[in-house]
Amino acid sequence: MTQPSGPDGGALSAQDAHRDDSEAGLFEADPVRYLLHAYNGTLSFAEPLLMEIWQSSGLTMSQLRILRWLRARGPLGAGVLNALSGQAGPSLARMLTRLEEAGFIRRLEDAEDRRRVLVEITDRGLAVGGRSVLRGTVFDDAARGMQATERARIADSLFSLRRHLDPVAGTETPARRRRPPGDPLDDDPVGTLLRAYNDTLVIAEPVLLEIWQSSDLTFTQLRILRWVRGRSPIGAGALTTLSGTPPASLARMLARLEDMGLVRRAFDLSDRRRVLIEITETGKAAIGRSVLSGSVFDAATRAMEPDLRRRIAEDLYLLRDHLRRAAARSSQPAVRRAR
């Protein structure tokens with residue numbers, strides 16, 4: 001395995017690059033979970049970013065799910081959207097009307113059956129989350145800190161993962177079955193890796209939205225839980241800085257989350273004047289630790305050849321190691337920097 005590099009082209013420390021004992025043993029015990037665990041490790045850096053973008057869109061989770069399905073699968077009939085979204089006919093019709101009035105979708109006749117109406121996402125709808133969603137984030141920093149061989153290898157594994165996901169998720173199109181020779185992004189290796197990861201996010205987003213919607217929490221509450229889980233335990237001051245939530249609003253939100261049993265507060269043993277917030281087991285369950293089990297990722301992984309499955313997993317762990325190091329250099333890991 002190629003030793004991962006740091007931002008100056010040197011190797012990551014053995015601690016950064018090492019799979020811990022539970023991860024190393026996971027491959028022997030369950031190779032499918034090994035890959036899912038590796039990808040889920042990268043998602044922890046993507047989730048706060050996605051939440052920030054979705055929250056700023058002013059759309060509900062149900063509306064975002066509709067846009068995600070349309071972006072991933074192209075024009076769809078209302079019947080297909082009904083089955084995918086779980087929305088009842090009249091509710092779906094009202095939602096589509098609101099999205100159309102806002103300019104996120106358009107309706108058009110099916111060229112093969114003029115009695116049938118298809119729903120298509122517009123350029124404005126595509127801009128929600130954006131195709132360059134990872135530019136200027138911790139993903140960008142991590143990609144720039146890799147050796148060229150690592151960057152190419154991780155991108156290749158991500159494109160391979162996408163090719164296996166497409167048939168299972170129903171997102172396969174002739175243009176996406178393989179990366180065309182002479183792709184313009186070949187001249188932009190960082191952009192190539194970011195596109196490769198973003199391609200897998202297209203399929204991961206509906207899975208994440210479904211889980212978050214079922215948690216009955218608001219976007220802001222979910223973002224707070226993500227930050228607490230990622231840095232538990234964490235002081236209220238640091239949480240205010242990371243989340244951008246005013247102290248008074250954060251205090252009320254933490255009280256609600258504590259009443260729900262999702263977080264707990266405790267005194268800092270090194271400074272009794274300071275209160276730390278940590279996530280509870282109930283809180284971890286609310287946002288899902290194994291979000292990919294039983295999803296299209298699970299099905300696609302099981303269909304892979306064992307050697308490919310392991311290679312993709314190892315490259316995902318390598319990506320996660322670089323993300324961890326890039327996040328440690330940033331005061332706001334995984335959050336888009338002002339440009």
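The values are calculated or read from the model by the stated rules, or taken from the named source; none is laboratory data. What you see is a predicted model, and the numbers here were worked out from it, not measured in a lab. Here the Cβ positions follow ideal geometry from the backbone for every residue, glycine too, while neighbour counts run over all protein chains shown.
Does ALA102 satisfy the criteria of being over 23 Å from the mean Cα position of the chain (by Cα) and small (Gly, Ala, Ser)? Here the answer is yes, as ALA102 does meet what is asked. Hey, can you tell me all the residues within the range 227-243 that are more than 12 Å from ARG264 (Cα to Cα), surrounded by 20 or more Cβ atoms within 10 Å (Cβ to Cβ) and either modelled with pLDDT under 75 or aliphatic (A, V, I, L, M) (or both)? Answer for the range 227-243, where residues must be more than 12 Å from ARG264 (Cα to Cα), surrounded by 20 or more Cβ atoms within 10 Å (Cβ to Cβ) and either modelled with pLDDT under 75 or aliphatic (A, V, I, L, M) (or both): LEU239, LEU242, SER243. From the list PHE45, PHE27, the lone residue that is at negative phi and at pLDDT below 75 is PHE27.
Restricting attention to the range 265-312 and to residues that are modelled with pLDDT of 85 or more and surrounded by fewer than 15 Cβ atoms within 10 Å (Cβ to Cβ), the residue that is farthest from the chain's Cα centre (by Cα) turns out to be ARG265.
Residues are listed down the side, and each one gets a yes or a no for (1) β-branched (Val, Ile, Thr); (2) touching a residue at least 12 places away in the same chain (Cβ under 8 Å):
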{"site": "GLY58", "(1), (2)": "no, no"}
{"site": "ARG65", "(1), (2)": "no, yes"}
{"site": "ARG71", "(1), (2)": "no, yes"}
{"site": "GLY79", "(1), (2)": "no, no"}
{"site": "LEU84", "(1), (2)": "no, yes"}
{"site": "PHE104", "(1), (2)": "no, yes"}
{"site": "ASP113", "(1), (2)": "no, no"}
{"site": "VAL138", "(1), (2)": "yes, yes"}
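Residues of the range 81-122 being closer than 14 Å to LEU67 by Cβ and among the polar types (S, T, N, Q), which ones? Those that are closer than 14 Å to LEU67 by Cβ and among the polar types (S, T, N, Q): SER85, GLN87, THR122.
Scanning the range 33-60 for residues that are surrounded by fewer than 17 Cβ atoms within 10 Å (Cβ to Cβ) and hydrophobic (A, V, I, L, M, F, W, C) yields a single hit, ILE53. May I ask you to list the residues in the range 78-104 that are among the hydrophobic types (A, V, I, L, M, F, W, C), over 15 Å from THR60 (Cα atoms) and surrounded by 15 or more Cβ atoms within 10 Å (Cβ to Cβ)? Within the range 78-104, ALA78, VAL80, LEU81, LEU84 qualify. Pairs linking a residue in the range 236-258 that is under 15 Å from LEU217 (Cβ atoms) to a residue that is outside any helix (DSSP H, G or I), with Cβ atoms under 6 Å and 6 or more positions apart or on different chains, are LEU257/VAL263.
Note on the range 239-255: residues that are within 23 Å of the chain's Cα centre (by Cα) and of a type outside the set (Val, Ile, Thr) amount to 4.
Condition first: of a type in the set (A, V, I, L, M), within 25 Å of GLY283 (Cα to Cα), at pLDDT 80 or above and surrounded by 20 or more Cβ atoms within 10 Å (Cβ to Cβ). Can you find one or more residues in the range 211-226 that meet it?
Yes, that holds for at least one residue.
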